[in-house]
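Visitor: This structure is in structure tokens; I'll ask about it shortly.
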Amino acid sequence: MSNNEHVLDKGPFFHGTKAELKINELLEPKQSSNYQDKKSNYIYFTATLNAAKWGAELAASRSEERIYIVEPVGDFENDPNLTDQKFPGNPTRSYRSVSPLKIVAELKTWERHSDEEINHMLTSMKQLQEQGKAVIYD
């Protein structure tokens, strides 16, 4: 759990990806981003299954989509890429940390977004890239 004096969220927390990870493995920052061609300074996670599903479905890989239940091992903050960007506050309960996340379990059964929803999101993301607005503040 976070060492924050005022805990932002008690979880449970999820990380959606296409990486195959093991229980008790640490998911570290400073790894290749799932969404841009760069190393990320943070590790990102969420307390909503819906946001974790998007993370798994949109990750840049052809590997199997996975959602892990994770535990932050250090402090974390609201993800500024989502917080207050489209909606006030942090309705997606999305966070980031410079400390690792411990893989606690894999969520084996979950319902994907529809192909139509995923294709719409991919089209929207492509438009943002073309407009130079697909910036991740990392």
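Visitor: Determine which member of the set Leu82, Leu27 is touching a Leu at 6+ places or on another chain (Cβ under 7 Å) and either closer than 21 Å to Met125 by Cα or not β-branched (Val, Ile, Thr) (or both).
Guide: Leu27
Visitor: Given the residues Phe76, Phe13, Phe45, which is the only one that is touching an Asp or Glu at 6+ places or on another chain (Cβ under 8 Å) and modelled with pLDDT of 90 or more?
Guide: Phe13
Visitor: Further, regarding this structure: Answer yes if at least one residue in region 50-58 is in contact (Cβ under 8 Å) with a residue 24 or more places away in the chain, surrounded by 15 or more Cβ atoms within 10 Å (Cβ to Cβ), at negative phi and assigned to a loop (DSSP other than H, G, I, E, B), and no otherwise.
Guide: no
Visitor: Which of the residues that make up region 67-96 are under 19 Å from Ala56 (Cβ atoms), outside any loop (DSSP other than H, G, I, E, B) and either hydroxyl-bearing (Ser, Thr, Tyr) or without any contact (Cβ under 8 Å) to a residue 60 or more places away in the chain (or both)?
Guide: Listed by number, the residues that qualify are Ile67, Tyr68, Ile69, Val70, Ser94, Tyr95, Arg96.
Visitor: Turning to a different aspect of this structure: In region 9-23, what residues are in a strand (DSSP E or B) and in contact with a helix residue (DSSP H, G or I) (Cβ under 8 Å, 6 or more places away or on another chain)?
Guide: Listed by number, the residues that qualify are Phe14, His15, Gly16, Thr17.
The values are calculated or read from the model by the stated rules, or taken from the named source; none is laboratory data. This structure is a prediction, so every number in the text was calculated from the model and none was measured. Counting neighbours? That spans all protein chains shown, and the Cβs are built from the backbone with ideal geometry, glycine included.
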